[in-house]
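**Student:** Quick one: this structure, given as structure tokens, is what I'll be asking you about.
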Amino acid sequence: MKKAVSFVLIIGFSLAIPYAVYSHEKGHEMGKTKFTKHFHESLFQVTGKGEFSVEVLLDEKEYKIGKNVLGIVIHDKHDEDVEGADINVMVRVAGESAEQPAVVEEKGGGLYTIANVNLQGDVRWELVIKVKKKKIEDTAIFLFPDDMRNRKPAGQYEK
């Protein structure tokens, strides 16, 4: 009887080891979070603490968001749409915040639109996007014009 119990414990333990290293459900290693960039012409960044991904749609080439607005798609650590988040957007030029605050409107399915954002030309500026959902808060900072020139292709990215 003792041998049978030991055998079951050893088999059970050895079968559990792969799940500690690899998650079949999500198809990636545990401890590494994958985020998906869906659009080719968008800007993409995982927030500083790795809580969210932020994808910025700059125009209507790939997704109809409206004239003179930016679209942002927010996903959580499970690569799922974030709805009902508190989104704060600031534009900083030379460290100074823009005079007019950006107006954020939720559209559903993790999509938010931002009005009153003036895309500066070759001037160095930052687009700071703070995302807060329940007690989780994190920030993505896009640097212009650098991020416009160094766009990541659509696909999955780890944090």
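The values are calculated or read from the model by the stated rules, or taken from the named source; none is laboratory data. Everything numeric here is computed off the predicted structure, so don't read it as measured data. Cβ atoms come from the backbone with ideal geometry, glycine included; neighbour counts cover every protein chain shown. Note: accessible area is taken over every heavy atom of the protein model, side chains too, but ligands, DNA and RNA are not part of it. Shrake-Rupley method; radii C 1.70, N 1.55, O 1.52, S 1.80 Å.
**Student:** Going through segment 26-58 one residue at a time, which ones are out of contact with any Lys or Arg (no Cβ under 9 Å at 6 or more places or on another chain) and at pLDDT below 90?
**Tutor:** Result: Glu29, Met30, Gly31, Leu58.
**Student:** Against the condition touching a strand residue (DSSP E or B) at 6+ places or on another chain (Cβ under 9 Å), under 23 Å from His40 (Cβ atoms), of a type in the set (Ser, Thr, Tyr) and part of a loop (DSSP other than H, G, I, E, B), how does Tyr157 come out, does it pass?
**Tutor:** no
**Student:** Could I ask something else about it? Out of segment 110-154, which residues are open to solvent by 30 Å² or more (accessible area, probe 1.4 Å), at pLDDT 95 or above and not in a strand (DSSP E or B)?
**Tutor:** Lys134, Lys135
**Student:** Next question, about the same structure. Residue pairs, Cβ under 6 Å, 6 or more apart or interchain, first in segment 69-82 and assigned to a strand (DSSP E or B), second open to solvent by 30 Å² or more (accessible area, probe 1.4 Å). List them.
**Tutor:** From residues that are assigned to a strand (DSSP E or B), the pairs are Asp81/Gly109.
**Student:** Checking the structure you have, find out if any residue of segment 40-60 is free of Cβ contacts under 8 Å to residues at least 24 places away in the same chain and surrounded by fewer than 15 Cβ atoms within 10 Å (Cβ to Cβ).
**Tutor:** The answer is yes; a qualifying residue exists.
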